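**Student:** Mind having a look at this structure? Questions to follow.
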Amino acid sequence: LADSCRADERLRTRVMAQHVAEAAPFDVRTVNWFIPEVDSPYYGGINTAFRIADRLARSHGVENRFVVMAAENEPFLRSALAAAFPRLSSSPIEFFSGIDDKQLAAISPADVSIATLWVTAYAVAHFPHTRRRCYLIQDFEPMFYPAGTNYALAEETYRFGLYGLCNTDRLLDI
(Lines give C-alpha, C1' and ligand atoms only; values in the text may rest on other atoms or scores of the structure.)
Protein backbone atom coordinates (compact mmCIF):
# COMPACT_ATOMS: atom_id res chain seq x y z
CA LEU A 1 0.00 0.00 0.00
CA ALA A 2 2.94 2.35 0.55
CA ASP A 3 3.59 2.45 -3.19
CA SER A 4 -0.04 2.48 -4.30
CA CYS A 5 -1.67 4.81 -1.81
CA ARG A 6 0.15 8.08 -2.18
CA ALA A 7 -1.40 11.51 -2.13
CA ASP A 8 -0.43 15.00 -1.17
CA GLU A 9 -1.80 18.51 -1.46
CA ARG A 10 -0.49 18.76 -5.05
CA LEU A 11 -2.73 15.86 -6.06
CA ARG A 12 -5.82 17.53 -4.57
CA THR A 13 -4.82 20.82 -6.24
CA ARG A 14 -4.55 19.07 -9.64
CA VAL A 15 -7.93 17.37 -9.18
CA MET A 16 -9.61 20.63 -8.18
CA ALA A 17 -7.97 22.55 -11.07
CA GLN A 18 -9.29 19.97 -13.49
CA HIS A 19 -12.80 20.37 -12.05
CA VAL A 20 -12.57 24.08 -12.81
CA ALA A 21 -11.16 23.54 -16.30
CA GLU A 22 -13.80 20.91 -17.15
CA ALA A 23 -16.77 22.56 -15.44
CA ALA A 24 -18.94 22.92 -18.56
CA PRO A 25 -21.60 20.26 -19.16
CA PHE A 26 -20.81 17.66 -21.82
CA ASP A 27 -22.28 14.41 -23.12
CA VAL A 28 -20.74 11.46 -21.35
CA ARG A 29 -19.99 8.65 -23.78
CA THR A 30 -17.42 6.59 -21.86
CA VAL A 31 -17.08 5.69 -18.17
CA ASN A 32 -14.13 3.87 -16.65
CA TRP A 33 -15.24 2.04 -13.50
CA PHE A 34 -12.20 1.43 -11.30
CA ILE A 35 -13.13 -1.69 -9.34
CA PRO A 36 -11.41 -4.15 -7.00
CA GLU A 37 -11.27 -7.87 -7.67
CA VAL A 38 -14.79 -9.30 -7.98
CA ASP A 39 -15.89 -12.24 -5.84
CA SER A 40 -19.58 -12.09 -6.75
CA PRO A 41 -21.54 -9.62 -8.88
CA TYR A 42 -24.75 -10.22 -6.91
CA TYR A 43 -24.26 -8.29 -3.69
CA GLY A 44 -22.49 -5.44 -2.00
CA GLY A 45 -20.96 -2.37 -3.48
CA ILE A 46 -19.89 -4.02 -6.71
CA ASN A 47 -23.52 -4.92 -7.45
CA THR A 48 -24.51 -1.27 -7.02
CA ALA A 49 -21.73 -0.16 -9.37
CA PHE A 50 -22.76 -2.72 -11.98
CA ARG A 51 -26.44 -1.71 -11.66
CA ILE A 52 -25.55 1.94 -12.27
CA ALA A 53 -23.33 0.98 -15.22
CA ASP A 54 -26.13 -1.13 -16.69
CA ARG A 55 -28.58 1.76 -16.32
CA LEU A 56 -26.15 4.20 -17.96
CA ALA A 57 -25.76 1.82 -20.91
CA ARG A 58 -29.51 1.20 -21.29
CA SER A 59 -30.75 4.75 -20.74
CA HIS A 60 -27.93 6.88 -22.08
CA GLY A 61 -25.90 4.71 -24.45
CA VAL A 62 -22.77 5.00 -22.30
CA GLU A 63 -19.87 2.65 -22.99
CA ASN A 64 -18.81 1.25 -19.64
CA ARG A 65 -15.29 -0.04 -19.15
CA PHE A 66 -14.16 -1.96 -16.10
CA VAL A 67 -10.66 -1.20 -14.88
CA VAL A 68 -9.86 -3.91 -12.36
CA MET A 69 -7.25 -3.52 -9.65
CA ALA A 70 -6.35 -7.21 -9.47
CA ALA A 71 -4.46 -9.98 -11.20
CA GLU A 72 -5.83 -10.56 -14.68
CA ASN A 73 -8.75 -12.98 -14.74
CA GLU A 74 -10.94 -11.77 -17.60
CA PRO A 75 -12.87 -15.04 -18.17
CA PHE A 76 -14.13 -15.02 -14.57
CA LEU A 77 -15.19 -11.36 -14.68
CA ARG A 78 -16.92 -11.80 -18.04
CA SER A 79 -18.84 -14.81 -16.74
CA ALA A 80 -19.85 -12.87 -13.60
CA LEU A 81 -21.07 -9.95 -15.71
CA ALA A 82 -22.90 -12.27 -18.14
CA ALA A 83 -24.71 -13.96 -15.26
CA ALA A 84 -25.78 -10.83 -13.38
CA PHE A 85 -25.80 -8.07 -16.01
CA PRO A 86 -25.81 -9.57 -19.53
CA ARG A 87 -25.74 -6.14 -21.21
CA LEU A 88 -22.35 -5.48 -19.59
CA SER A 89 -20.75 -8.80 -20.53
CA SER A 90 -19.11 -7.43 -23.67
CA SER A 91 -17.80 -4.29 -21.96
CA PRO A 92 -14.08 -3.62 -22.29
CA ILE A 93 -12.07 -4.86 -19.32
CA GLU A 94 -8.57 -3.74 -18.35
CA PHE A 95 -6.44 -4.84 -15.42
CA PHE A 96 -3.75 -3.10 -13.42
CA SER A 97 -1.81 -4.32 -10.45
CA GLY A 98 -0.91 -1.10 -8.73
CA ILE A 99 -1.03 2.63 -8.91
CA ASP A 100 2.01 3.62 -10.87
CA ASP A 101 2.13 6.27 -13.55
CA LYS A 102 3.12 3.87 -16.32
CA GLN A 103 0.26 1.44 -15.68
CA LEU A 104 -2.30 4.23 -15.30
CA ALA A 105 -1.12 5.94 -18.51
CA ALA A 106 -1.78 2.69 -20.41
CA ILE A 107 -5.48 2.56 -19.40
CA SER A 108 -7.96 3.71 -22.03
CA PRO A 109 -9.13 7.33 -21.73
CA ALA A 110 -12.69 8.05 -20.57
CA ASP A 111 -15.01 10.99 -20.18
CA VAL A 112 -15.64 10.00 -16.55
CA SER A 113 -13.72 7.75 -14.19
CA ILE A 114 -15.40 6.39 -11.06
CA ALA A 115 -13.73 4.87 -8.01
CA THR A 116 -15.78 2.18 -6.30
CA LEU A 117 -13.62 1.38 -3.26
CA TRP A 118 -11.19 3.52 -1.28
CA VAL A 119 -8.10 1.93 -2.78
CA THR A 120 -9.39 2.63 -6.30
CA ALA A 121 -9.88 6.30 -5.37
CA TYR A 122 -6.10 6.65 -5.37
CA ALA A 123 -6.02 5.29 -8.93
CA VAL A 124 -8.79 7.61 -10.14
CA ALA A 125 -7.11 10.64 -8.56
CA HIS A 126 -3.85 9.81 -10.38
CA PHE A 127 -5.37 8.60 -13.68
CA PRO A 128 -4.24 11.04 -16.40
CA HIS A 129 -6.83 10.46 -19.16
CA THR A 130 -10.24 11.53 -17.89
CA ARG A 131 -12.36 14.67 -17.81
CA ARG A 132 -14.29 13.97 -14.58
CA ARG A 133 -13.20 12.07 -11.47
CA CYS A 134 -15.85 10.60 -9.20
CA TYR A 135 -16.07 8.39 -6.15
CA LEU A 136 -19.07 6.10 -5.65
CA ILE A 137 -19.43 6.34 -1.88
CA GLN A 138 -21.53 3.49 -0.50
CA ASP A 139 -20.27 3.25 3.07
CA PHE A 140 -18.00 5.14 5.42
CA GLU A 141 -15.16 2.84 4.36
CA PRO A 142 -12.63 3.70 7.09
CA MET A 143 -14.95 1.98 9.58
CA PHE A 144 -14.18 -1.36 7.91
CA TYR A 145 -10.83 -1.26 9.72
CA PRO A 146 -9.58 -0.76 13.27
CA ALA A 147 -7.80 2.52 13.94
CA GLY A 148 -4.52 2.35 12.07
CA THR A 149 -2.96 2.58 8.64
CA ASN A 150 -5.84 1.22 6.54
CA TYR A 151 -8.34 3.40 8.39
CA ALA A 152 -6.21 6.49 7.72
CA LEU A 153 -5.60 5.60 4.05
CA ALA A 154 -9.31 5.03 3.46
CA GLU A 155 -10.27 8.25 5.24
CA GLU A 156 -7.73 10.27 3.25
CA THR A 157 -9.54 9.45 -0.01
CA TYR A 158 -12.40 11.73 1.03
CA ARG A 159 -10.00 14.68 0.82
CA PHE A 160 -8.94 14.15 -2.81
CA GLY A 161 -11.63 16.44 -4.20
CA LEU A 162 -13.29 13.71 -6.31
CA TYR A 163 -16.96 14.30 -7.06
CA GLY A 164 -18.88 12.22 -4.54
CA LEU A 165 -21.69 9.99 -5.76
CA CYS A 166 -23.53 8.90 -2.61
CA ASN A 167 -26.02 6.06 -2.66
CA THR A 168 -27.96 7.33 0.39
CA ASP A 169 -28.90 10.67 1.90
CA ARG A 170 -27.20 9.65 5.18
CA LEU A 171 -23.84 9.19 3.44
CA LEU A 172 -24.29 12.54 1.76
CA ASP A 173 -24.85 14.10 5.19
CA ILE A 174 -21.67 12.47 6.56
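**Student:** So ARG65 ticks every box in (1) of a type in the set (Lys, Arg); (2) assigned to a helix (DSSP H, G or I); (3) within 19 Å of ALA125 (Cα to Cα); (4) under 17 Å from the mean Cα position of the chain (by Cα) but one. Which box is left unticked?
**Tutor:** (2)
**Student:** Which residues, taken from region 101-118, are part of a loop (DSSP other than H, G, I, E, B) and under 19 Å from ALA17 (Cβ atoms)?
**Tutor:** Within region 101-118, just PRO109 meets the criteria.
**Student:** Take region 131-150 and flag every residue that is hydroxyl-bearing (Ser, Thr, Tyr) and open to solvent by 80 Å² or more (accessible area, probe 1.4 Å).
**Tutor:** The one that is hydroxyl-bearing (Ser, Thr, Tyr) and open to solvent by 80 Å² or more (accessible area, probe 1.4 Å): THR149.
**Student:** May I pose another question? Being among the charged types (D, E, K, R) and not in a loop (DSSP other than H, G, I, E, B) is the filter here; which residues of region 124-141 pass it?
**Tutor:** Within region 124-141, ARG131, ARG132, ARG133, GLU141 meet the criteria.
**Student:** Here's a follow-up. So the check is Cβ under 7 Å with 6+ separation or different chains; which pairs have a first residue in region 133-152 that's free of Cβ contacts under 8 Å to residues at least 12 places away in the same chain and a second one that's part of a loop (DSSP other than H, G, I, E, B)?
**Tutor:** What qualifies is TYR151/TYR145.
**Student:** Quick check on region 75-84. Is at least one of its residues part of a loop (DSSP other than H, G, I, E, B) and surrounded by 19 or more Cβ atoms within 10 Å (Cβ to Cβ)?
**Tutor:** No - not one qualifying residue is present in region 75-84.
**Student:** Among what's in region 1-35 and is charged (D, E, K, R), in a loop (DSSP other than H, G, I, E, B) and closer than 13 Å to THR157 by Cα, pick the residue that is modelled with the lowest pLDDT.
**Tutor:** Here the answer is ARG6.
**Student:** Another question about this same structure. Could you look through region 93-126, keep only residues that are more than 15 Å from the chain's Cα centre (by Cα) and not hydrophobic (A, V, I, L, M, F, W, C), and pick out the one that is most open to solvent (accessible area, probe 1.4 Å)?
**Tutor:** In this case the residue turns out to be LYS102.
**Student:** Give me the residue from region 16-43 that is surrounded by 15 or more Cβ atoms within 10 Å (Cβ to Cβ) and among the aliphatic types (A, V, I, L, M) and, out of that set, nearest to VAL119 (Cα to Cα).
**Tutor:** Only one residue tops the list, namely ILE35.
**Student:** Let me ask something else about it. With the condition kept exactly as written, say whether any residue in region 52-67 is closer than 17 Å to VAL119 by Cβ, at pLDDT 95 or above, of a type in the set (A, V, I, L, M) and open to solvent by less than 40 Å² (accessible area, probe 1.4 Å).
**Tutor:** The answer is yes, given that some residue of region 52-67 is closer than 17 Å to VAL119 by Cβ, at pLDDT 95 or above, of a type in the set (A, V, I, L, M) and open to solvent by less than 40 Å² (accessible area, probe 1.4 Å).
**Student:** If ALA110 meets every condition in (1) within 19 Å of GLU155 (Cα to Cα); (2) touching a strand residue (DSSP E or B) at 6+ places or on another chain (Cβ under 6 Å) apart from one, which number is that one?
**Tutor:** (1)
So that you can scan it fast, the table gives a plain yes or no per residue for (1) over 18 Å from ASN47 (Cβ atoms); (2) part of a helix (DSSP H, G or I); (3) of a type in the set (A, V, I, L, M, F, W, C):
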| residue | (1), (2), (3) |
| --- | --- |
| GLU94 | yes, no, no |
| THR120 | no, yes, no |
| MET143 | yes, yes, yes |
| LEU172 | yes, yes, yes |
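The values are calculated or read from the model by the stated rules, or taken from the named source; none is laboratory data. Just so it is clear, the model here is predicted, and its values are computed rather than measured. A quick note on method: Cβ atoms are made from the backbone with ideal geometry, for glycine too, and the neighbour counts reach across all protein chains shown. These accessible areas exclude ligands, DNA and RNA; they are computed on the full protein's heavy atoms, side chains included. Shrake-Rupley method; radii C 1.70, N 1.55, O 1.52, S 1.80 Å.
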